[in-house]
């Protein structure tokens with residue numbers, strides 16, 4: 001008897017079983033999943049209060065930005081661009097191919113174009129145009145892609 005359940009959090013046992021199986025499958029094809037979550041935090045002042053965060057992860061040969069947040073009191077000061085530049089510098093020359101992100105119309109997609117990202121495609125939301133999605137990529141130039149592959 002099959003049963004499908006909805007959950008917000010997988011148990012560590014199920015997550016570990018799934019990860020082991022995925023890694024085994026990918027390895028059998030000569031691919032390294034290379035999945036690692038990380039964040040960049042931007043702090044300010046003596047208390048080192050966080051005023052910006054970039055959440056991301058690596059997967060195979062790519063970097064995926066999940067969230068970019070700048071505190072509302074510190075926006076339009078170039079801090080978002082600083083976080084993106086820092087991300088690029090940290091991974092440049094490390095064998096990755098590109099950085100990916102998805103944003104919505106209301107999240108100022110033009111900002112990412114100004115930061116050197118290329119718009120790959122748009123998924124239009126006809127019911128709520130503010131939720132139209134913009135898919136961006138930024139390639140590392142003149143890099144040898146070594147991530148995501150077993151030598």
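Does segment 107-128 include one or more residues that are on the phi > 0 side of the Ramachandran plot and surrounded by fewer than 16 Cβ atoms within 10 Å (Cβ to Cβ)? Walk me through how you get there before you give the answer.
Pass one, segment 107-128, residues on the phi > 0 side of the Ramachandran plot: 108, 116.
Those still in the list that are surrounded by fewer than 16 Cβ atoms within 10 Å (Cβ to Cβ) too: 108, 116.
So far as segment 107-128 goes, yes, one or more of its residues are on the phi > 0 side of the Ramachandran plot and surrounded by fewer than 16 Cβ atoms within 10 Å (Cβ to Cβ).
Matching residues to (1) assigned to a loop (DSSP other than H, G, I, E, B); (2) more than 27 Å from residue 136 (Cα to Cα); (3) without any contact (Cβ under 8 Å) to a residue 12 or more places away in the chain; (4) out of contact with any strand residue (DSSP E or B) (no Cβ under 7 Å at 6 or more places or on another chain):
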site	(1), (2), (3), (4)
5	yes, yes, yes, yes
27	no, yes, no, yes
37	no, no, no, no
54	no, no, no, no
77	yes, no, yes, yes
93	yes, no, no, yes
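To keep it simple, each residue is scored yes or no on (1) free of Cβ contacts under 8 Å to residues at least 60 places away in the same chain; (2) assigned to a helix (DSSP H, G or I); (3) within 28 Å of residue 31 (Cα to Cα); (4) touching a strand residue (DSSP E or B) at 6+ places or on another chain (Cβ under 6 Å).
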{"site": "58", "(1), (2), (3), (4)": "no, no, yes, yes"}
{"site": "65", "(1), (2), (3), (4)": "yes, no, yes, yes"}
{"site": "90", "(1), (2), (3), (4)": "yes, yes, yes, no"}
{"site": "138", "(1), (2), (3), (4)": "yes, no, yes, yes"}
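Would you please name the residue that is nearest to residue 81 (Cα to Cα), looking only at residues in segment 39-50 that are in contact with a strand residue (DSSP E or B) (Cβ under 8 Å, 6 or more places away or on another chain) and either assigned to a loop (DSSP other than H, G, I, E, B) or free of Cβ contacts under 8 Å to residues at least 40 places away in the same chain (or both)?
Residues of segment 39-50 in contact with a strand residue (DSSP E or B) (Cβ under 8 Å, 6 or more places away or on another chain): 39-44, 49-50.
Then drop every residue that is not either assigned to a loop (DSSP other than H, G, I, E, B) or free of Cβ contacts under 8 Å to residues at least 40 places away in the same chain (or both), which leaves 39, 41, 43-44, 49-50.
On the way: 39: 15, 41: 13, 43: 15, 44: 16, 49: 19, 50: 16 Å.
The qualifying residue nearest to residue 81 (Cα to Cα) is 41.
Each reported figure results from applying straightforward, stated rules to the coordinates on display, with no laboratory input. Because the structure is predicted, anything quoted here is derived from the model rather than measured. A quick note on method: Cβ atoms are made from the backbone with ideal geometry, for glycine too, and the neighbour counts reach across all protein chains shown.
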